[in-house]
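The structure appears below as structure tokens.
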Amino acid sequence: MNDTQTALIQLLRENGKMSRNQLSEMLGISLMGVSKALSGMARNHLIVLRKNPNGGPGRPSETVEVGAEGGYSLGINVNHFGVEATLVDLRNKVVFFGQIPFSFRALSLPPVVGDMAPVFALIGKALAAVPRKKLVAVGLGVSGDFDFTTGQVLKAYDFISPGQADAFRRFLSEETGLPVSLVHDTESGLIAERWSNPDLPPRPTLLSISDRLGMSLMFDGRLFRGSPSWRRWLGHAPVPSSSEPVPNYLPGPLAATALSTAWTDLLQGIKYGHRPPVVPDVWRREMDEFYALFEQNDPRCRKIVEQGMKDLAVVVRNLCILIPFDGIIVHGWIPEILEMAIDAIRQSLREGSEAHGHTLVEMKPPVYAATLRERTEGAGAALFAMDELFSSKMITRGWKRETAKPKPKRKPIKQAGRKPQAGSKGVAKRR
């Protein structure tokens, strides 16, 4: 795929169906150049040319859209509860999704190959759903801290160590024959929503929040990637309901009331931040017990969750005063708590609009659950890898243009036996 074809694919992914004239105008290249690129892409099933039944004077006779079978991207997401494998096509549609309960942190050291058999089987099923030579990108979504410049894993919360995460990444690369793009699980949710929600503008400004208070921002279709501490800013934000100091946090932080791990501590009468770290299996068991009590309408659990969602809503409202979001995506909780979070944020926005006059009335963003639900993070990893594939080609193209050495000027060729004419260089003109 050359540079022009890469740019065409990205435009079609962002805007859906487009005419040749629209593509030519947006890319700034001739209609002939666009048509030549499209003909080659159609032969490789990268695009589909459809006749427009309403075509006529002033209306395009055909439209162009991305072909479903032009290429596929595989996304692997690793979290506390297990491993997910998701396959998406160039139209951003999920064509395969599978998940298994699995914990990398529970593996023995040194690792035994047989322990990884369920993960190998899941990846094998996903790859079996890809037509031959049609896998174009692979993404790995994990929770931790990364160096975005070098791609190095600094922390990996769902692995024993960063080395184990790197080893799994290398395995994926060897198995697929492709480089593996690394994406944070909070960012993957945002990427998935950007490409899977048809109601959003082509380049939206979004806020995404997950159950572990991971947050990510997108401005005009581009991820905001600050320092690693930025993704944890939400948990450190203070809330009015509490002013008590928490170790390693600001006084009265949101994490002490809205983080799911804080709920189990509060239920046991332990102040958040004062409990020694627990292994994932213990944490999962405690969360299952908490959710079971919540669904049985236990008043203590209900009160804890309601206060946490109110505090979360206040912080989100303050962000909306500063940034005109096109949407706020909430995902990760069990369905009933997810609805509570959405309702609390909507209510807080209504209260904010009354308190701040017209500040939030005109640009109040919609608040909703992630479109892909449980497939969000895996699909986001796959779509992020596809974005990396196309953007890296376009960046490389621009870099080559900027750093290319100027070509030497060609010397004029002297023609033997030909005398210089009068008026030419070096010959006096006769009067």
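The values are calculated or read from the model by the stated rules, or taken from the named source; none is laboratory data. Only a predicted model underlies this, so the values are computations on that prediction, with no experimental measurement involved. Don't worry about glycine lacking a Cβ; one is built from the backbone with ideal geometry, like all the others, and counts go over all protein chains shown.
Per the listing LYS134, LYS155, the residue uniquely outside the structural domain of LEU46 (by TED's automatic domain parsing) and more than 24 Å from TRP283 (Cβ to Cβ) is LYS134.
This table checks each residue for (1) at pLDDT 80 or above; (2) surrounded by 16 or more Cβ atoms within 10 Å (Cβ to Cβ); (3) small (Gly, Ala, Ser).
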residue	(1), (2), (3)
GLY75	yes, yes, yes
VAL78	yes, yes, no
THR86	yes, yes, no
ASP89	yes, yes, no
PHE96	yes, yes, no
ILE100	yes, no, no
PRO111	no, no, no
ASP115	yes, no, no
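Restricting attention to region 164-187, the residues that are touching a residue at least 60 places away in the same chain (Cβ under 8 Å) and either touching a Pro at 6+ places or on another chain (Cβ under 9 Å) or not assigned by TED's automatic domain parsing to the domain that holds THR149 (or both) add up to 1. A residue that is more than 21 Å from VAL88 (Cβ to Cβ) and either among the hydroxyl-bearing types (Ser, Thr, Tyr) or not in a strand (DSSP E or B) (or both) cannot be found anywhere in region 184-194. Being at pLDDT below 90, aromatic (Phe, Trp, Tyr) and surrounded by fewer than 19 Cβ atoms within 10 Å (Cβ to Cβ) is a property that holds for PHE224. Scanning region 332-384 for residues that are modelled with pLDDT under 90 and in contact with a strand residue (DSSP E or B) (Cβ under 6 Å, 6 or more places away or on another chain) turns up GLY332, PRO365.
Selection over region 276-324 of residues that are among the polar types (S, T, N, Q) and in a helix (DSSP H, G or I) gives a count of 2.
Of everything listed in (1) in a loop (DSSP other than H, G, I, E, B); (2) surrounded by 13 or more Cβ atoms within 10 Å (Cβ to Cβ); (3) in contact (Cβ under 8 Å) with a residue 40 or more places away in the chain, the single unmet condition for GLY273 is (3).
VAL130 meets all of the listed conditions (1) aliphatic (A, V, I, L, M); (2) outside any loop (DSSP other than H, G, I, E, B); (3) under 30 Å from ARG222 (Cα atoms) but one, namely (2). If I filter region 135-145 for residues that are loosely packed, with under 12 Cβ neighbours inside 10 Å and not in a loop (DSSP other than H, G, I, E, B), do I get at least one hit? No, that holds for no residue. Screening the candidates GLY139, GLY177, GLY189 for the property of being touching a Ser or Thr at 6+ places or on another chain (Cβ under 6 Å) and at pLDDT 90 or above yields one hit, GLY139. LEU259 falls short on exactly one of the conditions (1) at pLDDT 90 or above; (2) over 16 Å from THR186 (Cα atoms), and that condition is (2). For PRO245, the conditions (1) without any contact (Cβ under 8 Å) to a residue 40 or more places away in the chain; (2) under 27 Å from the mean Cα position of the chain (by Cα) all hold with the exception of (2). Candidates ALA262, ALA255: the one that is more than 29 Å from ARG194 (Cα to Cα), without any contact (Cβ under 8 Å) to a residue 60 or more places away in the chain and either surrounded by 13 or more Cβ atoms within 10 Å (Cβ to Cβ) or not assigned by TED's automatic domain parsing to the domain that holds PRO202 (or both) is ALA262.
The number of residues in region 230-252 being part of a loop (DSSP other than H, G, I, E, B) and buried (at least 17 other Cβ atoms within 10 Å of the Cβ) comes to 6.
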